[in-house]
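Undergrad: Quick one: structure below, then a few questions.
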Amino acid sequence: MTAHVEISLDVNGERVDAHVLPRLNLADFLREHLQLTGTHVGCEHGVCGACTVRVNGDIVRSCLMLAVQADNASVETIEGLSDSGEIADLQAAFRDRNALQCGFCTPGMLMAAQDLLRQCPAPDREQIREHLSGNYCRCTGYQAIIDAVETTARARVGTKP
Ligand code: FES
Ligand code: FES
């Protein structure tokens, strides 16, 4: 029998202590142990981006990271960004621009889009496309998502669309 490992981490600003199996990935830990089900699991091998979260400020694919690797880390999920209001304008733009349909990709898209806007406040459409190219959407055809991110970027830097 594999022994559980003790981990302590910060999740959305709250300290979490847990005992986990060494093989448990971070996505499943967030979803099943902490009920943070906004982090979605699609491909489970690093391709679709649905499981994107922030670890120590950088976005990662939580299906490719073990929970034990997050020991002592600071993890932020879509629930944290949403509750803090950090992405309220981006979420509103997604709604207004019809940038989500089934919503499965949306948490990962929002995490990736906010990551871009933190690094590059005024990206052009090609840069937005490039940064989101690792996040798959089966519904929207991507144009509306690019529109929503572009609208948010312009509003944040105070220029008209
Ligand atoms: S579920 Fe992690 S990249 Fe697809
Ligand atoms: S809105 Fe359905 S996968 Fe993107």
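The values are calculated or read from the model by the stated rules, or taken from the named source; none is laboratory data. Note that the structure is a prediction, hence the values are computed from the model and not measured. Please note: Cβ atoms are built from the backbone with ideal geometry, for glycine as well, and neighbour counts cover all protein chains shown.
Undergrad: Taking the condition within 15 Å of ligand 1 (Cβ to nearest atom) and either in the same structural domain as residue 49 (by TED's automatic domain parsing) or within 30 Å of residue 14 (Cβ to Cβ) (or both), does residue 119 pass? Break it down stepwise before answering.
TA: Working: within 15 Å of ligand 1 (Cβ to nearest atom): no; either in the same structural domain as residue 49 (by TED's automatic domain parsing) or within 30 Å of residue 14 (Cβ to Cβ) (or both): yes.
No, not satisfied.
Undergrad: Quick check on the stretch 88-98. Is at least one of its residues assigned to a loop (DSSP other than H, G, I, E, B) and in the same structural domain as residue 129 (by TED's automatic domain parsing)?
TA: yes
Undergrad: Here are some residues: 20, 41, 60. Which one is among the hydrophobic types (A, V, I, L, M, F, W, C), under 30 Å from residue 154 (Cβ atoms) and not assigned by TED's automatic domain parsing to the domain that holds residue 136?
TA: Checking each option against the conditions leaves just 60.
Undergrad: Inside the stretch 116-156, can you point out the residues that are within 16 Å of ligand 2 (Cβ to nearest atom), in a loop (DSSP other than H, G, I, E, B) and either under 19 Å from residue 86 (Cα atoms) or of a type in the set (A, V, I, L, M) (or both)?
TA: 132
Undergrad: Please go through the stretch 122-141 and pick out each residue that is charged (D, E, K, R) and either surrounded by fewer than 15 Cβ atoms within 10 Å (Cβ to Cβ) or within 16 Å of ligand 1 (Cβ to nearest atom) (or both).
TA: Residues satisfying the conditions are 124, 125, 126, 130, 138.
Undergrad: Can you tell me which of (1) part of a loop (DSSP other than H, G, I, E, B); (2) crowded, with 22+ Cβ neighbours inside 10 Å; (3) within 14 Å of ligand 2 (Cβ to nearest atom); (4) not aromatic (Phe, Trp, Tyr) is the one residue 109 doesn't meet?
TA: (1)
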